[in-house]
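> Sharing a structure below in structure tokens format, with a few things to ask.
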Amino acid sequence: MTACSSGSKTTGQPPQTEKQVQTDTENQEKDGDVSVDNTGNIRGSGTKIDIAFCNVAPSSHPQNIAYRAFADKVKTETDGNITITVYDNAQMGNILELFQQTIDGTIQMCIVPTSTLGSFDEGLLVSDLPFLWPSAQIAIDVLLDESNGIAKDLVANLSAKGTICLGWQDNGYNSFANSTRPITCPDDMKGLTMRVPENQCDLALVEACGASPTTMASNEVYTALQTGVVDGHDFGAIITMTGGYDEVTKYYTDDNHLLKLNAVFANQAWWDGLDTADKDYLAEEIYTMCREADKGCWDLEASILDEMEASDSMELHRLTDEERQQFVDIGESLWVKFNDRIDTDLLKRIQGEIAKRK
């Protein structure tokens, strides 16, 4: 797997085929720089490394299931030399706090949605435009295609702050949910107060649909819904159910207006200080972890939507093509408002890569 920042051999996608990896490993063994000891049992350099790996998703989320499996596998395969402690459910802070701590080196790694990092770099809004990505798989394929340079360019300003991007992962589509009424068209949102993340694209879309957006940290939303401070939210289906938000919201609409993309970030100085064998091994396992998390999320989301449809506690509305197009028209009309904050050439490149994969 390769990293997303420039000037590094590790990026956010798999740069090599399995055959190439095997060949490189054989060459490393000849050179004495190996990720496996002479018995073939222990991975890494043998250096003791402790890693705080932080995120905000609930413990039961399939992402955290994949993260814990990653931590267990690394500990086993390195004979305990590399220990990864997964701090989930915002134990170490909200998204912005986790990213700042990674910059500062307080924690070694975080995995956070880039959609909430606009305060660090507004240019990230280019990947958050409403209804930009036709599917999560297409988004991941575009970002993992090293030849187009999109992933590297997207996080270039974040890399300059002292982080390195080590991987990409789908974090699910945002969709509207509330406790007041079903949302079948934009007009149904008029008068609602909707919690949204700190993302200008989300704010603009909610306002354009006639609702009042309010931002707050994810760990404050349940209480705000419970007490009526807000009428609804736009979490995805998985967070809605694993976070218990089905207890405080009644209606869910699968409009899929914004695809959230998770990125794995590490402190650059800390990463650069690791032995090459450890970096290569961790990069490989982070790639595998992300793909396992994607699969777990996609499988669970499909089953959750089916459960919602059959549930008495939540009411799911699956938009018809005609209904969804009303939201798409509003969302796409907002893109021009962000031209002064995004790299429009990068947007054109993203659109070109999407067109190749449709």
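The values are calculated or read from the model by the stated rules, or taken from the named source; none is laboratory data. Worth saying up front: this structure is predicted, and the values here are computed from it rather than measured. All Cβ positions, even for glycine, are placed from backbone atoms using ideal geometry, and neighbour counts span all protein chains on display. In case anyone asks, the SASA skips ligands and DNA or RNA and just uses the protein heavy atoms, side chains included. Shrake-Rupley method; radii C 1.70, N 1.55, O 1.52, S 1.80 Å.
> Starting from residues that are assigned to a helix (DSSP H, G or I) and modelled with pLDDT of 95 or more, keep the ones in the stretch 97-124 and report whichever is nearest to ARG349 (Cα to Cα).
Looking at residues that are assigned to a helix (DSSP H, G or I) and modelled with pLDDT of 95 or more, I get PHE99.
> I need the full set of residues from the stretch 135-163 which are open to solvent by less than 10 Å² (accessible area, probe 1.4 Å) and either outside any helix (DSSP H, G or I) or of a type in the set (S, T, N, Q) (or both), in order please.
Hits for the stretch 135-163 are VAL155, THR163.
> Show me the helices (runs of 4 or more DSSP H) entirely contained within the stretch 230-345 in which 3 or more residues are of a type in the set (Asp, Glu).
Answer list for the stretch 230-345: 276-310, 321-333.
> Taking the stretch 40-86 as the search range and keeping residues that are farther than 23 Å from CYS297 by Cβ, among the hydroxyl-bearing types (Ser, Thr, Tyr) and not in a helix (DSSP H, G or I), which one is most open to solvent (accessible area, probe 1.4 Å)?
Among those residues, the one meeting the criterion is THR47.
Residue-by-condition table, conditions (1) open to solvent by less than 10 Å² (accessible area, probe 1.4 Å); (2) without any contact (Cβ under 8 Å) to a residue 60 or more places away in the chain:
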| residue | (1), (2) |
| --- | --- |
| ASP255 | yes, no |
| ASP275 | no, no |
| SER303 | no, yes |
| MET314 | yes, no |
| PHE338 | yes, no |
| LYS348 | no, yes |
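> While we're here: Looking only at the stretch 87-128, filter to residues that are among the polar types (S, T, N, Q) and either surrounded by fewer than 19 Cβ atoms within 10 Å (Cβ to Cβ) or out of contact with any strand residue (DSSP E or B) (no Cβ under 8 Å at 6 or more places or on another chain) (or both); which one of those is nearest to ASN171 (Cα to Cα)?
Looking at residues that are among the polar types (S, T, N, Q) and either surrounded by fewer than 19 Cβ atoms within 10 Å (Cβ to Cβ) or out of contact with any strand residue (DSSP E or B) (no Cβ under 8 Å at 6 or more places or on another chain) (or both), I get THR116.
> Next up: Answer yes or no as to whether VAL206 is assigned to a loop (DSSP other than H, G, I, E, B) and open to solvent by less than 30 Å² (accessible area, probe 1.4 Å). Give the derivation first.
Values: assigned to a loop (DSSP other than H, G, I, E, B): no; open to solvent by less than 30 Å² (accessible area, probe 1.4 Å): yes.
Considered against the rule, which asks whether it is assigned to a loop (DSSP other than H, G, I, E, B) and open to solvent by less than 30 Å² (accessible area, probe 1.4 Å), VAL206 comes out as no.
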